[in-house]
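Everything below concerns the one structure shown next.
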Amino acid sequence: MDSQESSRLTAPLAHRVAEDADSRQIAAAINALWTDIEAALQPIVGRRGVAALFKRTLHVTAVRHPWLATLAPGSDDSVDPAHLAALFAAQAPPQAAEAGSAVFENFRDLLATLIGAPLSERLLQAAWSNSSSAAPAQDPTP
């Protein structure tokens, strides 16, 4: 995929959080985006298939972000959203955002390797554009 295509597909995290978002907001956006990805891919590759892709993605991403190595699919081979959110919320905002973007970029690359870039783009674009579960860009100021 070219860099413009890559930017468009990893941008959803940036579209779901404000530039000055705190770690909790980033974690909520990552969790919502992951939920959308699971919903888009589970009918095609199943719960275990999605969990396996996610586990491999974490393994690859943990090379640059070692704290991600503690996150693994739950006992039923699904991703534990609470653990996912807690790990990202515990990081400083720049590290959480950088690691979150890396997770989605690595996931996209892995999926493209397995099923091809055009199909990956179509499947992920559905998840990327799903705004129903997107976290607000910024909490309203009272």
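Only one of the listed residues (ARG24, ARG48) is of a type in the set (Lys, Arg) and surrounded by 15 or more Cβ atoms within 10 Å (Cβ to Cβ). That residue is ARG24. One residue stands out among those in the range 122-133 that are buried (at least 18 other Cβ atoms within 10 Å of the Cβ) and touching an Asp or Glu at 6+ places or on another chain (Cβ under 8 Å): the one that is modelled with the lowest pLDDT, which is TRP128. Is it the case that SER75 is over 16 Å from ASN31 (Cβ atoms), among the small types (Gly, Ala, Ser), surrounded by 19 or more Cβ atoms within 10 Å (Cβ to Cβ) and at pLDDT below 90? Answer is no for this residue. Applying the condition of being closer than 21 Å to ARG48 by Cβ and surrounded by fewer than 15 Cβ atoms within 10 Å (Cβ to Cβ) to the range 84-114 and asking which residue is modelled with the highest pLDDT yields THR113. For TRP67, are the conditions met, namely being modelled with pLDDT of 75 or more, closer than 16 Å to ALA127 by Cβ and assigned to a helix (DSSP H, G or I)? No, not satisfied.
The values are calculated or read from the model by the stated rules, or taken from the named source; none is laboratory data. These numbers were taken from a predicted model, which means no experiment stands behind them. FYI the Cβ positions are ideal-geometry reconstructions off the backbone, even for glycines, and counts take in every protein chain you see.
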